[in-house]
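Participant: After the structure tokens below, expect a handful of questions from me.
Where a number appears in this text, it was derived from the coordinates with a stated rule and is not lab data. Because the structure is a prediction, the values reported are computed rather than measured. Positions of Cβ are backbone-derived with ideal geometry, glycine not excepted, and every protein chain shown enters the neighbour counts.
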Amino acid sequence: LFDLKNSANLSYISGTKKDRYNDTREPESYSADFNTDIRMISLTTFYPFPLQTTLNYAGNANKSAGGQSDYSYGLFSVGAEYKLLNSRLSILAEIRVTDVAGNTLSGETVDYSRKHFRLGGIYRFGNRHSLLLDTNVITYDGGNSNGLENDHILRLRYEKFF
């Protein structure tokens, strides 16, 4: 693509759990059946200058209790990493948007959107040391986010690799 190096990943995971005892359960009991389908696509592009970008999509559809609970989400993210000082310093930025919808066994409707913005950097020093500093802003929109609160996180992390 445009004479750039790219790495693509495409994944699909499907799982089914059948309740062998569903026919013997009391009428007011829920089935233990569970189905899930997960789709993931990722494209990372490496530019001729020290920039790397990544686009991601992930989706998940879950059904349980004989279809009485139906829950799904979709995630889209775009991120970038720019390297400086002979790759010792990386500047990072990423935005993720997750949409969640469905209903629970109790009949509650779940329908909200989560937005996550991250900005920061990593400084690598010595042979096996790094220092990460980033800030994260997480917001929730929509009718029912189950009491989830907006959040602002400032993180400083030292890593020593062995």
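Participant: Would you list His152, His116 from fewest to most Cβ contacts within 10 Å?
Facilitator: By the 10 Å Cβ count, ascending, the order reads His152, His116.
Participant: Would you work out the relative contact order for the stretch 61-117, in percent, from Cα pairs under 8 angstrom that are 6 or more residues apart?
Facilitator: 32 percent
Participant: Further, regarding this structure: Would you check the chain for Lys pairs whose C-alpha atoms are within less than 28 Å, ignoring same-chain pairs closer than 8 in sequence, and give me the count?
Facilitator: Lysine pairs satisfying the spacing and distance rule in the chain number 6.
Participant: Work out the length of the dipole vector of the stretch 49-162 about its Cα centre, built from +1 on the beta-carbon of each Lys and Arg and -1 on the beta-carbon of each Asp and Glu, and round it to the nearest 20 debye.
Facilitator: It works out to roughly 780 debye.
Participant: Tell me the Kirkwood hydrodynamic radius of the chain in angstroms, computed as one over the mean inverse distance between distinct C-alpha pairs.
Facilitator: It is 19.1 Å.
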